[in-house]
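Just below is one structure, and these are the notes that go with it.
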Amino acid sequence: MPCLHVCLWTVSYLGMVIPSLQYLGIIQSFKLLADLPISILAYVLAFNSPGLAALWMLVGGTLWWYFLSCIAEHLLGS
């Protein structure tokens with residue numbers, strides 16, 4: 001899941017940077033909803049420093065999904 005998060009983050013920001021891939025930017029909205037406990041800080045940071053908010057979503061969101069994956073692995077006993 002953390003690898004998928006990084007890939008989706010990369011694709012969504014490619015949609016924001018490259019005009020011909022602009023339609024991929026909508027992924028960002030869904031990704032922010034999926035990362036909701038972590039993305040609250042990104043919503044606050046986005047008003048003053050969007051770069052820091054993007055970095056937070058990359059690092060914090062990936063760590064969040066890593067944490068959730070570790071909990072799922074522990075609960076499933078694998």
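Can you tell me what percent of all Cα-Cα pairs in the chain are more than 15 Å apart? So the portion of pairs separated by more than 15 Å is 58 percent.
Estimate the FRET efficiency between Phe30 and His74 by the formula 1/(1 + (r/R0)^6), using the beta-carbon distance for r and 22 Å for R0, to the nearest 0.05. The computed FRET efficiency comes out at 0.20. Each other residue within a Cβ distance under 15 Å of Leu8 adds +1 if Lys or Arg and -1 if Asp or Glu, for a net charge of 0.
Here, each number is a calculation from the coordinates, and none is a lab measurement. Predicted model, so just to flag it, every value in this text is computed and none were measured. Methodologically, a virtual Cβ is constructed for each residue, glycine included, from the backbone with ideal geometry; neighbour enumeration extends over all protein chains shown.
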